[in-house]
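Trainee: Submitted below is the structure of interest, expressed as structure tokens.
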Ligand code: FAD
């Protein structure tokens, strides 16, 4: 089922999760162990990220973060097929512009269509020094909006080559939004205009970048509505669990950690995980009371903090689900 149908049919806000495929050569069993835990919470859909390159981050002595790049991380499409068949849950593969030609993207969309996968999240990805080389004999999508257009073209039977009677695909397309603006955008209003372009070009719903300050999210939603964006806007949340997140998350994801949270963690670093979970419970409670259509948890390799948050919600996780 399409993600937007899940939202329109839901009587309560939906809880969804986002995972990352294992590193090249890694075991898929770990991912299934993680999914086994998450399935008890009855998610309507699970996102699986896509990566132009595997990265790891090194914190240098001057406090800056250096990103080291290796080869593409495989497995997104295979994992999505496994999620659908093993758990009967709708997978949402991420597709990215960076590192992929339009031709490769078209091939991926054909695979997804044959697998019966109805959803994709269209993302630009991040360019990085010594990033994967773009292929010489192909074209690339520059911005996420270009990828949205490519997917919507296929939904209308327009492929890259002129094909007579080409099969129309039927993808529901999610796009990314940034409550604290995307780091390259000159200001939030500009970024929201670019977001509106993605929605006007066929984006069906928005999932936001993680944030720790609900005011930023609610302000962002108000501005999106003023700009004429009417689709569901789903808050994306990560639970802070370590003191080093105070430095790493703002630097890498360009977000603000409220002073109250950072002061609390710095005063008691060994309790960072519990403080982060408590913060997450308060954040979710306020977001749910504020009428969000759902909450999307970035769990990546470890679902426990997010599940602790859901268990700690005053309304209980039974009240939140499909
Ligand atoms: P875009 O929408 O293309 O925007 C990027 C920047 O360009 C913005 O500053 C925007 O304002 C600007 N812009 C857009 N159009 C134009 C234009 N026509 N002219 C001038 N400026 C323009 N990364 C991954 O590698 N893999 C993933 O699976 C992944 N999943 C993600 C999921 C979510 C929910 C989010 C929020 C992010 C995810 N990312 C992922 C990170 C993402 O790739 C980066 O944040 C990237 O820098 C921007 O992606 P975007 O799709 O928002 O880009």
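The values are calculated or read from the model by the stated rules, or taken from the named source; none is laboratory data. It should be emphasised that the depicted structure is a prediction, and the values quoted were computed from it without experimental measurement. A quick note on method: Cβ atoms are made from the backbone with ideal geometry, for glycine too, and the neighbour counts reach across all protein chains shown.
Trainee: Pick from the range 96-123 the residues that are near the ligand (Cβ under 10 Å from one of its atoms) and over 10 Å from residue 52 (Cα atoms): which of them is surrounded by the fewest Cβ atoms within 10 Å (Cβ to Cβ)? Spell out how you get there, then give the answer.
Mentor: Filtering the range 96-123 down to residues near the ligand (Cβ under 10 Å from one of its atoms) leaves 96-99, 121-123.
Retained after the next criterion (residues that are over 10 Å from residue 52 (Cα atoms)): 121-123.
Values: 121: 25, 122: 29, 123: 20.
Among those that are near the ligand (Cβ under 10 Å from one of its atoms) and over 10 Å from residue 52 (Cα atoms), it is 123.
Trainee: Please enumerate the residues belonging to the range 190-209 that are out of contact with any helix residue (DSSP H, G or I) (no Cβ under 6 Å at 6 or more places or on another chain) and near the ligand (Cβ under 10 Å from one of its atoms). Steps first, answer last, please.
Mentor: Residues of the range 190-209 that are out of contact with any helix residue (DSSP H, G or I) (no Cβ under 6 Å at 6 or more places or on another chain), as a first pass: 190-191, 193-196, 199-200, 206-209.
Within the range 190-209, 190, 191, 193, 194, 195, 206, 207, 208, 209 qualify.
Trainee: For the range 156-178, what are the residues that are in contact with a helix residue (DSSP H, G or I) (Cβ under 7 Å, 6 or more places away or on another chain) and more than 10 Å from the ligand (Cβ to nearest atom)?
Mentor: Answer for the range 156-178, where residues must be in contact with a helix residue (DSSP H, G or I) (Cβ under 7 Å, 6 or more places away or on another chain) and more than 10 Å from the ligand (Cβ to nearest atom): 159, 160, 168, 169, 170, 171, 172, 173.
Yes/no matrix, rows are residues, columns are (1) surrounded by 14 or more Cβ atoms within 10 Å (Cβ to Cβ); (2) within 16 Å of the ligand (Cβ to nearest atom):
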residue	(1), (2)
23	yes, yes
60	no, no
64	no, no
84	yes, no
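Trainee: Specify which of the listed residues (236, 202, 177) is in contact with a strand residue (DSSP E or B) (Cβ under 7 Å, 6 or more places away or on another chain), farther than 21 Å from residue 17 by Cα and surrounded by 15 or more Cβ atoms within 10 Å (Cβ to Cβ).
Mentor: On the way: 236 fails: farther than 21 Å from residue 17 by Cα; 177 fails: farther than 21 Å from residue 17 by Cα.
Unique residue meeting the criteria: 202.
Trainee: I'd like to verify a number: residues in the range 292-306 that are within 16 Å of the ligand (Cβ to nearest atom) and either touching a helix residue (DSSP H, G or I) at 6+ places or on another chain (Cβ under 7 Å) or not in a strand (DSSP E or B) (or both), how many?
Mentor: Residues that pass the stated criteria total 8.
Trainee: For the list (1) touching a helix residue (DSSP H, G or I) at 6+ places or on another chain (Cβ under 8 Å); (2) away from the ligand (no atom under 14 Å from the Cβ), I need the number of the one condition that residue 33 fails.
Mentor: (1)
Trainee: Now for a different question. Is it the case that some residue within the range 252-268 is touching a residue at least 40 places away in the same chain (Cβ under 8 Å), under 22 Å from the mean Cα position of the chain (by Cα) and under 16 Å from residue 17 (Cβ atoms)?
Mentor: No, the range 252-268 contains no residue that is touching a residue at least 40 places away in the same chain (Cβ under 8 Å), under 22 Å from the mean Cα position of the chain (by Cα) and under 16 Å from residue 17 (Cβ atoms).
Trainee: Those residues that are in contact with a strand residue (DSSP E or B) (Cβ under 8 Å, 6 or more places away or on another chain) and surrounded by fewer than 20 Cβ atoms within 10 Å (Cβ to Cβ), I need them from the range 256-287; list them, please.
Mentor: Taking the range 256-287 as the starting set, the residues that turn out to be in contact with a strand residue (DSSP E or B) (Cβ under 8 Å, 6 or more places away or on another chain) are 280, 283-284, 287.
Result: 287, single match.
Trainee: From (1) away from the ligand (no atom under 14 Å from the Cβ); (2) touching a strand residue (DSSP E or B) at 6+ places or on another chain (Cβ under 6 Å); (3) over 28 Å from residue 246 (Cβ atoms), pick out the condition that doesn't hold for residue 12.
Mentor: (2)
Trainee: Please note which strands (runs of 3 or more DSSP E) are completely contained in the range 25-142 and include at least 2 residues that are at pLDDT 95 or above.
Mentor: Ranges flagged: 45-48, 90-96, 119-123.
Trainee: Here's another thing I want to ask about it. From the list 289, 243, 215, 278, pick out the single residue that is under 27 Å from residue 23 (Cβ atoms) and away from the ligand (no atom under 14 Å from the Cβ).
Mentor: Working: 289 fails: under 27 Å from residue 23 (Cβ atoms); 215 fails: under 27 Å from residue 23 (Cβ atoms); 278 fails: under 27 Å from residue 23 (Cβ atoms).
Going through 289, 243, 215, 278 in turn, the sole match is 243.
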